[in-house]
Amino acid sequence: MVAPSSSPLHTAVVDWFAAHARELPWRRPSTTAWHVLVSEIMLQQTPVERVAPVYDAWVRRWPTPADLAAEPSGEAVRAWGRLGYPRRALRLHAAATAIRDHHDGVVPDDLDTLRSLPGIGEYTAAAVAVFAYGHRHAVLDTNVRRVLGRLLGGDALPAPAITAGERARAVAVLPEDEATAAQWSIGLMELGALVCTARSPRCGDCPVRTWCRWHEAGRPAYEGPARRAQAYAGTDRQCRGRLLAVLRESEGPVAGGALRAVWDDATQRERALDGLLDDGLVVLAGDDVYALPG
Ligand code: SF4
């Protein structure tokens, strides 16, 4: 384990990030804490290229939490477009409302208050505290977990779910200085996205190769539990996406017939529709008439 104070390893990551960081919309100097929160929720399950245009439109339309909270949650679902996992749009709307109502419209900067917002979990709270406010916390997304697992643990891939040991290791290796810690965290994340990728890590281009235990061990194969690739075609998730797209693209409520037209399997379609109603992504607007939430 490297020392927690600033070390050559930290410097290698911070310098590499300064030289290689991508220009992304949420890294512009004008980015606010609200923008960071929006981007982090969008990026959780959706790739950068798909998030960027939706993010841009979103922050133009709703530059502050109060702007979003002033509109019905259905507008958030509509603007979410095809990012997938649309419950995130409702969570963002609920968080914006709580920020307006309980925090004077300002995104909180401490972990506990961030975590108390609806739908904001451990990861998102840490990401906002670090990337928006420059605080010193471990930020453990998929990319960071993979890089630290290889670098410090010698593991090809991290465990399916985050472990307490992993979290403790990430905290132990944080630089002591707040600003360096923030740069280290974002640098690790970028390294995982661009160099230390899941399938084909480019160790020859890696700034931390000389410290990497997995590389030193000859890159042994992953031996943990089987990891299933998530299928999409034909799933309830695809069916939900089709049904929601009909509602998003309509100016107002739609008749059930319009939903039945986009998915043939009646059992699956009804199950997906029930799920959307249960999740609050769709509401009943009459007898066999459906709408986005008001
Ligand atoms: S040396 Fe290879 S495995 Fe190790 S951190 Fe760099 S890219 Fe990842």
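Miscellaneous remarks
- Extension gain (nm, one decimal) between Cys203 and Ala245, 0.36 nm per residue minus Cα-Cα: 11.0 nm
- Karplus (6.51, -1.76, 1.60) ³J(HN,Hα), θ = phi - 60°, over region 185-200, in Hz, Gly and Pro reported as x: 5, 6, x, 4, 5, 5, 4, x, 6, 9, 10, 8, 6, 4, 8, 9
- Distance between the pseudo-spin-label points of Thr267 and Thr235 (7 Å out from Cα toward the beta carbon): 2.0 nm.
- Principal-axis analysis of the Cα atoms of the chain puts helix 266-279 at an angle of about 70° to the longest axis.
- Exposure proxy ranking, count of Cβ atoms within 10 Å, fewest first, for Cys239, Cys203, Cys212: Cys203, Cys212, Cys239
- Simple spin-label estimate for Ala19 and Asp288 in nanometres, 7 Å along Cα-Cβ: 6.6
- Each peptide among 190-202, 254-266 gets the average number of other Cβ atoms lying within 10 Å of its residues, and from highest to lowest they stand as 190-202, 254-266.
- With Cα atoms as the point set, region 1-147 shows a radius of gyration and Dmax of 15.9, 50 Å.
- Rounded to the nearest 0.05, the FRET efficiency derived from the C-beta distance between Arg213 and Val171 at R0 = 30 Å is 0.95.
- Using every pair of distinct Cα positions in region 148-188, the Kirkwood expression returns a hydrodynamic radius of 11.1 angstrom.
- More than 14 angstrom apart: percent of Cα pairs within region 58-103: 42
- Of the GluC sites (Glu not before Pro) in region 1-79, those whose Cβ has at most 11 other Cβ within 10 Å and which sit in DSSP loop: Glu23
- Basic side chains Lys and Arg get +1 at the Cβ, acidic Asp and Glu get -1 at the Cβ, and with that the dipole of the chain about its Cα centre reaches some 920 debye.
- Estimated FRET transfer efficiency when R0 is 41 angstrom, pair Asp101-Ala164 (beta carbons, to 0.05): 0.75
- Kirkwood Rh, Cα atoms: Rg over Rh of the chain: 1.02
- Label-point separation, Arg28 to Asp109 (7 Å along Cα→Cβ), nm: 2.3
- Shape call, region 138-216: gyration tensor on alpha carbons, a/c limit 1.5: oblate
- Exposure proxy order (Cβ contacts within 10 Å, fewest to most) of Tyr222, Tyr85: Tyr222, Tyr85
- Choice from Ala245, Ala161, Ala221 with maximal GNM fluctuation in the chain (Cα, 10 Å cutoff): Ala161
- The stretch between Ala226 and Glu49 holds 60.9 nm of extra length on full extension. This uses 0.36 nm per residue minus the Cα-Cα distance.
- Among the GluC sites (Glu not before Pro) found in region 196-294, those both in a DSSP coil and sparsely packed, with 12 or fewer other Cβ atoms within 10 Å of their Cβ, are Glu223, Glu249, Glu251.
- At 0.890 mPa s and 25 °C, Stokes diffusion of region 236-291 via Kirkwood alpha-carbon radius, µm² per second: 225
- Cα convex hull volume per residue for region 108-242 (Å³): 150
- Residues with amide H under 5 Å from that of Ala285, placed H, sequence gap 5 or more: Tyr290, Ala291
Where a number appears in this text, it was derived from the coordinates with a stated rule and is not lab data. Bear in mind that the values here come from a model prediction, so they are computed numbers and not experimental data. All Cβ positions, glycine included, derive from the backbone under ideal geometry; neighbour counts span all protein chains shown.
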